[in-house]
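Visitor: One structure, as structure tokens, below. Some questions next.
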Amino acid sequence: MENRFWRIDHRPEGTDFADALALVEKPLDDPAPGEVRIRNRLLSMDAGTRLWLTDREDGYQPPLPLGAPMTGLVIGEVVASRAEGFAEGDLVRTFGVWGTYSQVDAVESGAVKLDPGVEDRRAWFGPLGMNGWTALWGIAETGAAVAGERVLVSAAAGATGLLAVQVAKLLECEAWGIAGGAEKCAFLTETIGIDGAVDYKAADVDAQMDEAGGFDVYFDNVGGPLLDRVLSRMNHYGRVALCGLLSDYGSGTRTAPTEFDQVLMRRLRIEGFFSPDFMAQGERLTARLREWHEDGRLTMPYDVTRGLENALLAYRKLFTGANIGKVIVELD
């Protein structure tokens, strides 16, 4: 059986993924003990995987080697199994391959069986998946937000940020988001119904933030110069939940806040968090998220690109601000 997949041939420069990855075919070996073969149906596009394409050895996981398949979260059906607990036909989510098939060790890849009764299986990437887990954990646990506090979220029109502002609302906080452009900001305030939005592409960013007042919790997906603007507008004893550093991915820069003294002056707490660290809490987190999702209080728009051959076009959207909500590639 042949597998068609994206192979990493070079380290990409910026968003020039087409010169770095190649769509190739290779025969699949028979599954080894402990492995499952999955017919991929959906591929999740996640900005954090951009770091895996660099040569940085000090990230939260080693870089993917050249010549290896591009890796990310996938959803599909098991077509062959030599792993206990997985049978042909099971719907699963796992860290797999950007390809027609993913053949993985079920334990090492974090494969989990999904409830096929969920009407829109894309939700297992968004509200009921790691984006949802990260949003809930970052707001409620790392950010320790409580009712009545003012919460600010960067990249608030992206998959994780969009869920984070909704979680803040559901926890009875005043929810603000940062997004790029009037359209995204209007979507956040008028469609999602958060309390306010800051357009980072406008000329009056500082004035927009000052209008909101001080922030108690900052859920940061971006880092970079934007972090400086927020640190000087945090309330005393505020918390910064550091989820991502989108401004650094692929740029060769490192976030180095010039307003770092505000951590002392305002007695702030900054803590990074990473979803695999709380995967053991997935069942508990999913139960809470599913209740909100099924009664319509936690929503997600999906930006769907069809066809494996178009995966790089979808991936690029994450770094150019071309999407609202969860970017997914749907396979035939």
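The values are calculated or read from the model by the stated rules, or taken from the named source; none is laboratory data. Every value quoted in this text rests on a predicted model; they were computed, and no experiment measured them. When we count neighbours, we look across all protein chains shown, and the Cβ atoms used for this are built from the backbone with ideal geometry, even at glycine. These accessible areas exclude ligands, DNA and RNA; they are computed on the full protein's heavy atoms, side chains included. Shrake-Rupley method; radii C 1.70, N 1.55, O 1.52, S 1.80 Å.
Visitor: Which condition number does V107 fail, the rest of (1) touching a residue at least 24 places away in the same chain (Cβ under 8 Å); (2) crowded, with 21+ Cβ neighbours inside 10 Å; (3) closer than 24 Å to M130 by Cα being met?
Guide: (2)
Visitor: Among the residues of region 5-42 satisfying the criterion of being within 19 Å of R93 (Cα to Cα) and of a type in the set (K, R), which is least open to solvent (accessible area, probe 1.4 Å)?
Guide: The extreme case among them is R37.
Visitor: Give just the number: which of (1) out of contact with any helix residue (DSSP H, G or I) (no Cβ under 8 Å at 6 or more places or on another chain); (2) touching a residue at least 24 places away in the same chain (Cβ under 8 Å) does E211 not satisfy?
Guide: That leaves (2) as the condition not met.
Residues checked against (1) aliphatic (A, V, I, L, M); (2) at positive phi; (3) open to solvent by less than 20 Å² (accessible area, probe 1.4 Å):
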{"site": "L64", "(1), (2), (3)": "yes, no, no"}
{"site": "T71", "(1), (2), (3)": "no, no, no"}
{"site": "I75", "(1), (2), (3)": "yes, no, yes"}
{"site": "W98", "(1), (2), (3)": "no, no, yes"}
{"site": "L128", "(1), (2), (3)": "yes, no, yes"}
{"site": "W133", "(1), (2), (3)": "no, no, yes"}
{"site": "V146", "(1), (2), (3)": "yes, no, no"}
{"site": "V153", "(1), (2), (3)": "yes, no, yes"}
{"site": "A164", "(1), (2), (3)": "yes, no, yes"}
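Visitor: Here are the criteria: (1) more than 20 Å from the chain's Cα centre (by Cα); (2) open to solvent by 40 Å² or more (accessible area, probe 1.4 Å); (3) aliphatic (A, V, I, L, M); (4) closer than 18 Å to G158 by Cβ. Tell me which single one L246 does not satisfy.
Guide: (1)
Visitor: Let me ask something else. Which pairs have Cβ atoms under 6 Å, sit 6 or more apart or on different chains, and link a residue in region 261-272 that is surrounded by 13 or more Cβ atoms within 10 Å (Cβ to Cβ) to one that is assigned to a strand (DSSP E or B)?
Guide: Final answer for the pair search is R266/M234; R266/H236; L268/M234; L268/G238; R269/R239; I270/V240; G272/L242.
Visitor: Please verify whether region 40-48 includes one or more residues that are touching a residue at least 40 places away in the same chain (Cβ under 8 Å), part of a loop (DSSP other than H, G, I, E, B), in contact with a Leu (Cβ under 9 Å, 6 or more places away or on another chain) and within 25 Å of F125 (Cα to Cα).
Guide: Keep residues of region 40-48 that are touching a residue at least 40 places away in the same chain (Cβ under 8 Å), which gives 40-48.
If we keep only those that are part of a loop (DSSP other than H, G, I, E, B) as well, we get 45-46.
Remaining after also requiring in contact with a Leu (Cβ under 9 Å, 6 or more places away or on another chain): 45-46.
Okay, now just the ones that are also within 25 Å of F125 (Cα to Cα), so 45-46.
Within region 40-48, one or more residues are touching a residue at least 40 places away in the same chain (Cβ under 8 Å), part of a loop (DSSP other than H, G, I, E, B), in contact with a Leu (Cβ under 9 Å, 6 or more places away or on another chain) and within 25 Å of F125 (Cα to Cα).
Visitor: Going by the conditions given, is A241 at pLDDT 95 or above and either closer than 15 Å to G161 by Cβ or more than 25 Å from the chain's Cα centre (by Cα) (or both)?
Guide: It is true that A241 is at pLDDT 95 or above and either closer than 15 Å to G161 by Cβ or more than 25 Å from the chain's Cα centre (by Cα) (or both).
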